[in-house]
Amino acid sequence: MELLKTMALAAGIASGAGMALAQGIDDPTRAEYYDAFEGKTVAYVPVAMGFDLTEGWAMGLREALEPLGVKFDVRDPNWNTSAGAQAITSLIDEKPDVIVVHNPDVQSYARLLKKAEDAGIYVVQVNMRSSYSTAAFIGADYVGMGEQIGERLVEVCSPENGGSGKIAITQGVLTAAASAYQMKGINNVLEKHPEMQLVSNQAADWDATKARHIAATVIQQHPDLCAITGFWDVMDVGTAAAIKESGKDVYLLTQGGGNQSACDGLEDGTYDEVVVYHVPGQARDMAVMIKQLFQLQPEPGTMKTTLFTPLDFLTKENMKPGSCWSLPGQ
């Protein structure tokens with residue numbers, strides 16, 4: 001008799017559970033997840049809007065955060081570092097929950113980023129790091145990237161491999177992390193290869209016209225130049241033009257965020273090789289980090305996280321559909 005009662009009770013419980021499952025059950029973490037984003041604001045201070053990197057990051061952050069109810073606010077200093085510093089100063093007073101910063105160099109915003117964290121604001125840095133580390137940095141490992149580029153220059157241009165050994169470098173802004181850290185990596189390699197000759201190492205300040213003039217002069221002075229490596233594909237459109245005008249066979253290795261123009265440039269011979277740190281992936285990583293900050297709520301200034309972006313070395317031969325991305329309407 002007791003056995004029958006036990007079996008009947010078990011059957012009743014199973015039946016009740018089955019009915020509940022049939023009707024669906026709520027995710028116990030769902031409400032807490034969405035509540036974490038309610039009323040939040042993310043402010044974005046790029047070096048400037050209007051080009052592939054900064055527009056791509058903004059697009060990715062908007063797509064990830066605005067559907068959650070997060071306000072996304074862009075402050076565009078338009079290449080003016082003083083204006084950027086003023087924008088960050090104003091934001092510290094306004095107290096958004098997160099400031100996303102694209103640093104023009106390693107020093108200009110350092111004190112302001114610390115001041116922002118001291119004021120209780122999370123700071124996320126993208127692709128060009130400040131000397132002051134904040135809650136998160138998402139971007140390329142420029143020292144490692146420079147080492148890989150250095151190795152590629154040796155492969156392409158060393159006398160042992162049939163090259164002249166002569167190479168040139170066109171940096172962006174000398175004090176930008178993308179330049180300073182990358183040069184450290186390149187020099188780490190060149191120091192081991194005395195057969196390589198760095199005949200020119202100049203800054204074009206991210207300007208295609210300056211890059212063109214630099215490349216034209218270097219090629220004229222060194223007709224047997226083997227390769228030029230530049231630190232941004234948009235800037236190196238000017239480098240490519242100078243190489244084409246010279247009629248010389250100079251290998252152009254550049255880098256960028258993987259916009260479709262990079263793949264187009266490989267296809268039409270503007271570039272020989274492009275090192276790509278994918279902007280959509282960086283935007284996704286930033287959005288994930290911001291979501292984590294909103295949910296975990298660490299005290300600003302106590303967390304220092306780095307997420308290095310995987311790199312692709314693209315050539316005309318190895319690129320494939322999906323190797324590059326496009327902005328809407330591009």
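The values are calculated or read from the model by the stated rules, or taken from the named source; none is laboratory data. If you're wondering where the values come from, they're calculated on a predicted model, not measured in any experiment. When we count neighbours, we look across all protein chains shown, and the Cβ atoms used for this are built from the backbone with ideal geometry, even at glycine. Surface accessibility is based on the protein's heavy atoms, side chains included, excluding ligands, DNA and RNA. Shrake-Rupley method; radii C 1.70, N 1.55, O 1.52, S 1.80 Å.
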(message) Taking the Cα of Tyr33, stepping 7 Å toward and past its beta carbon, and measuring to each backbone N in region 53-94: which are under 19 Å?
(response) 61-71
(request) Would you mind telling me which residue in Thr217, Thr309, Thr54 has the biggest mean-square fluctuation in a Gaussian network model of the chain, where springs connect alpha carbons within a distance under 10 angstrom? (result) Thr217
(request) Give the distance, in whole Å, between the Cα centre of region 120-160 and the Cα centre of region 254-330. (result) 13 Å
(message) Can you tell me the length gained on complete extension of the stretch His193 to Gln297, counting 0.36 nm per residue apart and subtracting the Cα distance?
(response) 32.6 nm
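Count the DSSP beta bridges whose two residues both fall in the chain, then state the antiparallel fraction as a percent rounded to the nearest 5.
For the chain, the DSSP antiparallel bridge percentage is about 10.
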(request) Would you list which lysines come within 24 Å of Lys95, measuring only between C-alpha atoms, while excluding same-chain residues fewer than 8 positions from it? (result) Lys40, Lys71, Lys114, Lys115, Lys291, Lys304
(message) How tilted is helix 81-94 with respect to the longest principal axis of the chain? Cα atoms for both, answer in degrees (0 to 90, nearest 10).
(response) 10 degrees
(message) To test your reading of the geometry: what angle, between 0 and 90 degrees and rounded to tens, separates the Cα axis of helix 177-190 from the longest principal axis of the chain?
(response) 60 degrees
(message) If each DSSP helix of 4+ residues adds -39,500 (n - 2.57) and the sum is divided by the residues in the chain, what number results at 222 nm, nearest 500 deg cm²/dmol?
(response) -14000 deg cm²/dmol
(request) With springs connecting C-alpha atoms under 10 Å apart, model the chain as a Gaussian network and identify which of Tyr277, Tyr181, Tyr33 has the largest mean-square fluctuation. (result) Tyr33
(request) May I ask for the angle, rounded to the nearest 10°, between helix 52-65 and the longest principal axis of the chain, with both axes built from Cα atoms and the value confined to 0 to 90°? (result) 0 degrees
(request) Send over a whole-number figure in Å² for the accessible area per residue of region 83-223, probe 1.4 Å. (result) 40 Å²
(message) Using the Karplus curve 6.51 cos²θ - 1.76 cosθ + 1.60 with θ = phi - 60°, what ³J(HN,Hα) values do you get for each residue of region 252-265, in whole Hz, with x for Gly and Pro?
(response) 10, 10, 10, 7, x, x, x, 4, 4, 4, 5, 5, 4, x
(request) Would you pull out the residues with amide H under 5 Å of Tyr44's amide H, same chain only if 5 or more places away, H placed 1.01 Å from N? (result) Asp73, Val74, Arg75, Val100
(request) List, in order, the whole-Hz ³J(HN,Hα) value for each residue of region 283-299 obtained from phi through the Karplus relation with A = 6.51, B = -1.76, C = 1.60 and θ = phi - 60°; use x for Gly and Pro. (result) 4, 4, 4, 4, 4, 4, 5, 5, 4, 5, 4, 5, 7, 7, 6, x, 5
(message) Under 5 Å between amide hydrogens, which residues at least 5 positions from Gln171 or on another chain qualify, with H placed 1.01 Å from N in the peptide plane?
(response) Gln202, Ala203, Ala204
(message) Under the rule of at least 5 residues apart or a separate chain, name every residue whose amide H is placed under 5 Å from the amide H of Gln125.
(response) Val101, Ala136, Phe137, Ile138
(message) Residue by residue through region 149-160, what is 3J(HN,Hα) from phi via Karplus (6.51 cos²θ - 1.76 cosθ + 1.60, θ = phi - 60°)? Round to whole Hz and write x for glycine and proline.
(response) 5, x, 5, 5, 4, 5, 4, 7, 10, 5, x, 4
(message) Given a 10 angstrom Cα cut-off, can you work out which residue in Val199, Val98, Val126 is the most mobile in a GNM of the chain?
(response) Val199
(request) With the full set of protein chains in place, find how many percent of the accessible area of the chain is carbon and sulfur; take the probe as 1.4 Å. (result) 52 percent
